[in-house]
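The values are calculated or read from the model by the stated rules, or taken from the named source; none is laboratory data. Please read all numbers here as calculations on a predicted model, not as lab measurements. Cβ sites come from the backbone with ideal geometry, for glycine too, and all protein chains shown count toward neighbours. Surface areas here come from the heavy atoms of the whole protein model, side chains and all, with no ligands, DNA or RNA. Shrake-Rupley method; radii C 1.70, N 1.55, O 1.52, S 1.80 Å.
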Amino acid sequence: MTQQSHAHAQAHAHAEAGAEAEALAEIGHRFYSRGWTLGTSGNFSVVTSRDPLRLAITASGRDKRTLRPADILIVDADGRVAADAEAAGRPSAETLLHVTIAQRRQAGAILHTHSVWSTILSGAHAAAGGLAIKGYEMLKGLQGVTTHEHREWIPILDNDQDIPRLAKVADAALVEHPEAHALLLRQHGMYTWGDTLAEAERHVEILEFLFEVVGRTGGR
Ligand SMILES: [Zn+2]
């Protein structure tokens, strides 16, 4: 690559990441207002390049209420900060989970929330290895689901501070449950994804709604 075309590519990457960073910051504000990412909890990413894999992702420890585009970093397939990151700071501690989902599901965006209901249900149903949700009209908001009779099985993984190890467990769960639209981490929160950021955000809305219904009714 010539100096000039390299500079051009960098400038282009900036512009792309700028738009994605803005969109992720706005999601932070919306999710904070819904109580799904209080404080510094949760993290969000968008795939900005498939080959080589690049993700725009929230920096570690940023308050989602005040999340700004400058709080978004670009990382590579190893979860390391890639060139052109303007933001200071480290990528989210859970970056490798985002990379794993982006690779295994070919997801375009990955969103992670720490809601009250996902925390409660991921603890209450952990012994069963997952949470089954069926019979609800709102299930049709999940990509590819066309009937309320759909049974969504959301695997629950034990929480783990060893993220490379947790990413391997998550990858195995994604392989074992190819239909799943989300993963729960025990007493921690949810990961969901979509082809686009809009689809991933819709999945958060649908699943958080369903978690609250199941939580309030005991799934009856
Ligand atoms: Zn988390």
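For the range 97-126, a residue qualifies if it is more than 16 Å from residue 51 (Cα to Cα), open to solvent by 50 Å² or more (accessible area, probe 1.4 Å) and within 14 Å of the chain's Cα centre (by Cα), and exactly one does: 114. Kindly indicate the residue of the range 127-164 that is within 16 Å of the ligand (Cβ to nearest atom) and assigned to a helix (DSSP H, G or I) and also least open to solvent (accessible area, probe 1.4 Å) among those meeting that condition. Of everything passing the filter in the range 127-164, 163 is least open to solvent (accessible area, probe 1.4 Å). Residue count for the range 22-54 satisfying the condition of being open to solvent by 20 Å² or more (accessible area, probe 1.4 Å), touching a Leu at 6+ places or on another chain (Cβ under 8 Å) and outside any strand (DSSP E or B): 3. Look at the range 185-201: where a residue is on the phi > 0 side of the Ramachandran plot and a partner is away from the ligand (no atom under 13 Å from the Cβ), sitting 6+ places away or on another chain with Cβ atoms under 6 Å, you get 187/123. Evaluated against (1) touching a residue at least 60 places away in the same chain (Cβ under 8 Å); (2) closer than 15 Å to residue 100 by Cα; (3) outside any strand (DSSP E or B), residue 173 falls short on exactly one condition, (1). Scanning the range 55-74 for residues that are in a loop (DSSP other than H, G, I, E, B) and either charged (D, E, K, R) or crowded, with 16+ Cβ neighbours inside 10 Å (or both) returns 60, 62, 63, 67, 68.
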